[in-house]
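To start, the structure under review is shown below, and the notes come after it.
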Amino acid sequence: MEATAIILTLKLAGLSTLLLMLLALPVSWGLSRWNSPFKSVVQAIVALPLVLPPTVLGFYLLLAFAPDSVIGSWWQSITGERLAFTFEALLLGSVIYSLPFAVQPLHAGFTQLHPHYLETARMLNLPWYTRLRVVVLPAIKPSIFIAAGLSFAHTIGEFGVVLMIGGNIPGETRVVSIALFDHVESLNYASAHMLAAVLLVFSLLLLIALYYLQGKRRLKWNVM
């Protein structure tokens, strides 16, 4: 079993999910309260990874992370190391690629939030960040769990973007999806079956949990 690849994949998924939640919460809240002709443009940009082939996104990220690019040269001047084909590149790429999987459930949660929660938040006369933390976020807790779960699962299943910007460096960028591809390419189907089975069972269990949470959220809104 590819223990190193599994640990690296879990590390990548965990850190990506954490960063995505920190980024997606304010973005989703802002989109749910923003009325502008440009809102659809911003939503389309956020959702672009849903329809863009992963290799296309990975190609442009590879160009952006190259040493002669603005981002790549800035990173190299700060860290003294290249950005492309590193774990950090995988982390940045994963955040960009999985962003819509975090934003859309949170946006739906904020949009469907019952008005009395917002009225209660205003009546408390607390700072906006306290109202968000004490009143709003607890009310959309199922949406937060769904966004985190989808982000985590989607990061684990990445292949095209990971291959383009990370390559296949053991202990650095060799995640489970890359290891599985290697086993199939080398006709090592026994190892491929083991990795594929782990991904299949994990994905199924996670989806069951997410659909259960989604059902609870719908029941909650119907009761209200």
G166: passes all of (1) within 24 Å of Y60 (Cα to Cα); (2) among the small types (G, A, S); (3) out of contact with any Leu (no Cβ under 9 Å at 6 or more places or on another chain) but (3)
Have a look at T111, T155 and point out the one that is under 30 Å from V56 (Cα atoms), touching a residue at least 40 places away in the same chain (Cβ under 8 Å) and among the polar types (S, T, N, Q).
T155
Which residue out of G72, G93, G109 is part of a helix (DSSP H, G or I), at pLDDT 85 or above and surrounded by fewer than 21 Cβ atoms within 10 Å (Cβ to Cβ)?
G72
Quick one: L83 ticks every box in (1) buried (at least 20 other Cβ atoms within 10 Å of the Cβ); (2) under 30 Å from Y129 (Cβ atoms); (3) in contact with a Pro (Cβ under 9 Å, 6 or more places away or on another chain) bar one, so which box is it?
(2)
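The values are calculated or read from the model by the stated rules, or taken from the named source; none is laboratory data. The structure displayed is predicted, hence computed values, not measured ones. Glycine gets a Cβ as well: all are built from the backbone with ideal geometry, and neighbour counts include every protein chain shown.
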